Amino acid sequence: MNWRRLLLPFSGLYWIGTSVRNMLFNIGINRSVKFDIPIINVGNLSVGGTGKSPHIMYLIDLLKDQKLVSTLSRGYGRKTKGFLIANYSTKVFDIGDEPMQFFQRFKNKILIAVCEDRVFGAQKLIKHYNAETILLDDAYQHRSIKPGLNIMLTDYNNLYYKDFLLPAGNLRESRSGVNRADIVIVTKCPDSIPAEKYNEINKKIKLKSHQQLFFSKVIYDNKLIGKLDQIEKSSWRNLNIVLVTGIANSSNLVDFVKENFANVLHLEYSDHHNFDQSEIEYIYKRYEDTEGRKLFNKIILTTEKDFMRLNEESFLKDDLYYIPISIEFNDKDKFNQTILEYVGQN
């Protein structure tokens with residue numbers, strides 16, 4: 001038995017609190033602000049690990065040539081407060097690892113903003129920076145803004161309807177929260193979904209008339225990116241890897257790395273982990289102890305998000321690489337059309 005199930009009575013208290021809060025928004029006692037520009041929210045019912053960042057980046061790629069796009073998040077893990085816009089002098093602890101990841105990908109082609117107060121942040125982006133579309137990152141439970149399009153993600157390997165509320169499970173609010181979604185995306189799917197599983201998901205989610213369901217999978221790039229160079233896939237099989245992850249669920253990445261590299265040592269940390277000096281030294285020692293240094297066939301591999309925090313460390317930076325990822329949809333044309341029609345009409 002999962003020991004967390006013993007905490008189900010406390011989940012009942014959590015349900016009461018979150019349900020009352022949602023009710024206050026639903027009946028208008030708590031106010032949700034609606035803006036005149038397209039606002040798309042990407043979030044989930046569960047705590048982390050559903051793949052929000054690559055889906056945000058997919059939307060950026062789709063929309064960046066249509067309108068002036070901005071992302072807005074609270075900037076989890078940053079050491080600053082208030083409203084900030086990323087620029088070329090911004091450091092990871094100014095805005096957080098995920099916003100930094102967006103900036104490194106897209107530079108000044110879009111606006112990357114962080115602010116604890118989402119309403120104030122949106123007002124600043126519209127009034128002072130002329131933002132034409134805002135992508136809210138991880139704001140499904142932050143209902144002070146009323147998005148025009150609500151996208152809810154759920155992990156294929158940990159579907160929300162099989163989960164429980166905190167602290168017995170990982171849900172931030174009850175399963176009924178799915179009803180606020182306009183689009184539900186089942187993420188991290190395998191290459192082929194068995195027909196019975198596909199039918200089960202469709203049946204369990206019970207889509208409303210206004211909702212659409214999509215399935216997405218992670219696509220790993222064919223090259224590794226480092227500060228000084230890139231390593232093409234043709235060379236991977238000879239590499240010994242020290243894999244460092246600080247994400248909510250690393251199982252898919254671990255499986256991929258084990259399939260494609262010679263030997264893998266996995267050092268796993270919590271999501272958004274801030275590495276202290278002793279941990280950096282430990283990572284480097286494990287790397288030093290790995291076979292292959294004299295033959296130049298070993299590296300430290302991490303995720304793109306973790307790379308934002310680790311690439312300035314003098315011990316690691318010359319040996320550190322990440323593998324970019326992207327998203328592929330089961331019905332890309334329909335998904336793109338839904339997004340572009342919403343943005344074009346608002």
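The values are calculated or read from the model by the stated rules, or taken from the named source; none is laboratory data. Bear in mind that the values here come from a model prediction, so they are computed numbers and not experimental data. No Cβ is skipped: glycine too gets one built from the backbone with ideal geometry, and neighbour counts run over all protein chains shown. Keep in mind that these areas ignore ligands, DNA and RNA; they rest on the heavy atoms of the full protein, side chains included. Shrake-Rupley method; radii C 1.70, N 1.55, O 1.52, S 1.80 Å.
Annotations for the structure displayed:
- The residue of the stretch 264-277 that is nearest to residue 309 (Cα to Cα), among those that are at pLDDT 90 or above and surrounded by fewer than 15 Cβ atoms within 10 Å (Cβ to Cβ), is 276.
- Options 280, 247, 225, 299: the member that is within 14 Å of residue 322 (Cβ to Cβ), open to solvent by less than 60 Å² (accessible area, probe 1.4 Å) and over 22 Å from the mean Cα position of the chain (by Cα): 299
- Qualifying residues in the stretch 183-206 (those that are among the basic types (Lys, Arg) and assigned to a loop (DSSP other than H, G, I, E, B)) - the one most open to solvent (accessible area, probe 1.4 Å): 206
- Any pair with Cβ under 8 angstrom, 6 or more apart, that starts in the stretch 132-149 at a residue that is open to solvent by 10 Å² or more (accessible area, probe 1.4 Å) and ends at one that is β-branched (Val, Ile, Thr) and in a loop (DSSP other than H, G, I, E, B): 132/37
- Per this entry, residue 209 is counted among residues that are open to solvent by 90 Å² or more (accessible area, probe 1.4 Å) and among the small types (Gly, Ala, Ser).
- Among the residues making up the stretch 222-241, a single one is of a type in the set (Asp, Glu) and assigned to a strand (DSSP E or B): 232.
- Some residue of the stretch 172-182 being touching a residue at least 24 places away in the same chain (Cβ under 8 Å), within 30 Å of residue 257 (Cα to Cα) and either in contact with a Cys (Cβ under 6 Å, 6 or more places away or on another chain) or open to solvent by less than 70 Å² (accessible area, probe 1.4 Å) (or both): no
- Helices (runs of 4 or more DSSP H) wholly inside the stretch 6-124 that include at least 3 residues being open to solvent by 40 Å² or more (accessible area, probe 1.4 Å) and of a type in the set (A, V, I, L, M): 8-26
- Complete set of residues in the stretch 1-40 that are within 30 Å of residue 129 (Cβ to Cβ) and in contact with a Ser or Thr (Cβ under 9 Å, 6 or more places away or on another chain): 25, 30, 31, 32, 33, 37, 38, 39, 40
- Failed item, numbered, when residue 188 is tested on (1) within 16 Å of the chain's Cα centre (by Cα); (2) among the basic types (Lys, Arg); (3) more than 19 Å from residue 49 (Cα to Cα): (3)
- Output for the stretch 325-346, where each listed residue is crowded, with 18+ Cβ neighbours inside 10 Å and either aliphatic (A, V, I, L, M) or assigned to a loop (DSSP other than H, G, I, E, B) (or both): 325, 327, 339, 343
- Of residues in the stretch 75-90 being among the basic types (Lys, Arg) and at pLDDT below 95, the one farthest from residue 142 (Cα to Cα): 79
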